[in-house]
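The values are calculated or read from the model by the stated rules, or taken from the named source; none is laboratory data. Since the structure is predicted, the reported quantities are computational estimates derived from the model, not experimental observations. Counting neighbours? That spans all protein chains shown, and the Cβs are built from the backbone with ideal geometry, glycine included.
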Amino acid sequence: MFKAGFSKVCISPPVGVPLAGFAAREDVSQGIHDDLYARALVLENAEAAVAIVSVDVLALPSDFISRVRSEIEESIGLTPDSVMIASTHTHAGPVTITTFFNPDESVDTNYMDSLARSIQGSVTTAWRERFQARVGVGVGHVEGVGVNRRSLDQRPVDEEIGIIKIEDEAGVTRAVLINYACHPTVLGPDNLLVSGDFPAFAIKEIEEAIGPNGFAMFVNGTQGNISMGHSSELSAIGVITPGRTFERAAELGHLLADATRKTLTSIKVEDQPVIENASIPIHLPLKNYPSPEQTNRSLIEAEDHLAGLISQDGDNIDQLRRAKSEHLYASITNFYAKESRVLANGLLPLELQAIRIGGAVFVAIPAEVFVEIGLRLKKLAPHRTFIVGIANGYIGYLPTSAAHADGGYEVVSSKCRPEAEHILIEKVLRLEEGLFAGTDRLDSRI
């Protein structure tokens, strides 16, 4: 018998904590617009059991993921490689990781302890409240939500919505998971209210459509260069562009929810699906950074230049913006130069994880992967494939090799060399091949 369970636990931080996501944000949180949650969906058949967790935060470090997975294993026996923990990447949640764009941010260990308990509690409750169910995986399409923020024509984008639908024995839809690629950055650095951004509006609408006790959750996709069009660089230095409102977030959330609801009725479910999982370590080539002494000198020079412009009177807006960007880039490079010294052999370790549900597979990558890579994977993969980004850790951006030549915020913010794109694609395809061939043959195929 196939069983499923779901649960959510509120993880909203106290008012007055710093919010993550924008180096230019100038104040702490002033209130809660909508609560944040750790949501869990568990699936079990006679051969395997898995959990998919969605956490309404910017990102989570890999050591935290390992800790929570171990606690889940101790609690209910699910092995670490069967638990996928993804961050939605909201930029209006608490600080949960020290990031490249704001290395001075401090992580509240008390909140992180509470968050670990909440994630574990969500998975444990979902496991203990399993019910006989049917599951189906389908694809919806939505236009008008995400655009390519690095392209003049705002394309390509991934308009697919990956959907997992859970029904009970009576044929009633009980839970829905949606996978869609877009930065939750409708709200900008001027927002000081805790929020899940547009995915929170979508989830609320889907849950209301399901009915009483309905459950929905969101996991992000290959959203590295996908947002609602706002410049990542201008956002990072604090330039506020029009349209970054809760009303706009609600509009985009409605588009995503409406497209999902229209697809649900056409998704076929089964009561004996194949459930499998696999996880492998891989290594991506790390950029060559100058010494920390050199990057620190460059950062000081950028700070002095910016301070000099700020002290001047007159119309120097363009110069000031360029100086802020140069300072931001110098800060990022300095942060990575120090970090790279502890990585062995110029390689960046990360985990690739895949969960198979019937004829579809969800692949977790701990990065902000560019959408072109996700689209290529979907085209090359022999099975229906969905990428879950910012999952099981966080290594920053993973651009295409072509994007490295263009530079810009996302490229500066990536630790990887251009060839990382091709290595990642090859490893994901081989992981998927092994998963569908049988996990006992996985090692020989990678």
> What residue, of S266, S279, S298, S231, is among the hydroxyl-bearing types (S, T, Y), farther than 30 Å from V176 by Cβ and at pLDDT 95 or above?
Replying inline: S298
> Which of the residues spanning segment 127-158 are closer than 17 Å to A259 by Cα and in a loop (DSSP other than H, G, I, E, B)?
Replying inline: V142, E143, G144, V145, G146, V157, D158
> Any idea which residue in segment 134-158 is farthest from the chain's Cα centre (by Cα), counting only those that are over 30 Å from A403 (Cα atoms) and surrounded by fewer than 21 Cβ atoms within 10 Å (Cβ to Cβ)?
Replying inline: R134
> Do you know which of the residues in segment 181-232 that are part of a helix (DSSP H, G or I) and small (G, A, S) is farthest from E372 (Cα to Cα)?
Replying inline: A209
> For segment 260-292, which residues satisfy the criterion of being within 24 Å of the chain's Cα centre (by Cα) and among the acidic types (D, E)?
Replying inline: E276
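When residues of segment 334-376 are filtered for being part of a helix (DSSP H, G or I) and out of contact with any helix residue (DSSP H, G or I) (no Cβ under 7 Å at 6 or more places or on another chain), how many remain?
11
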>> Show me the helices (runs of 4 or more DSSP H) found entirely inside segment 384-443 where at least 2 residues are at pLDDT below 95 and more than 14 Å from N225 (Cβ to Cβ).
In response: 420-437
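One line per residue, one yes/no per condition, for (1) over 18 Å from the mean Cα position of the chain (by Cα); (2) surrounded by fewer than 24 Cβ atoms within 10 Å (Cβ to Cβ); (3) modelled with pLDDT under 95:
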site	(1), (2), (3)
E160	no, yes, no
V172	yes, yes, no
L187	no, no, no
T222	no, no, no
V239	yes, yes, yes
D258	yes, yes, no
> Could you give every pair whose Cβ atoms fall below 7 Å, whose first residue belongs to segment 423-445 and is over 17 Å from G358 (Cα atoms), and whose second residue is among the acidic types (D, E) and modelled with pLDDT under 95, counting only separations of at least 6 or pairs across chains?
Replying inline: R445/E433
> Taking I240, is it in contact (Cβ under 8 Å) with a residue 60 or more places away in the chain and of a type outside the set (K, R)?
Replying inline: no
> What number goes with the only condition from (1) among the charged types (D, E, K, R); (2) buried (at least 16 other Cβ atoms within 10 Å of the Cβ); (3) within 30 Å of I166 (Cα to Cα) that D271 does not pass?
Replying inline: (2)
> Out of V42, V28, V53, which single residue is outside any loop (DSSP other than H, G, I, E, B), farther than 22 Å from Y394 by Cα and touching a residue at least 40 places away in the same chain (Cβ under 8 Å)?
Replying inline: V42
>> touching a residue at least 24 places away in the same chain (Cβ under 8 Å), basic (K, R) and in contact with a strand residue (DSSP E or B) (Cβ under 8 Å, 6 or more places away or on another chain): is that true of R128 in this structure?
In response: yes
>> If I filter segment 101-109 for residues that are part of a strand (DSSP E or B), closer than 21 Å to V369 by Cβ and in the same structural domain as N220 (by TED's automatic domain parsing), do I get at least one hit?
In response: no
>> Yes or no: segment 369-384 includes at least one residue that is under 17 Å from the mean Cα position of the chain (by Cα), aromatic (F, W, Y) and over 30 Å from S325 (Cβ atoms).
In response: no
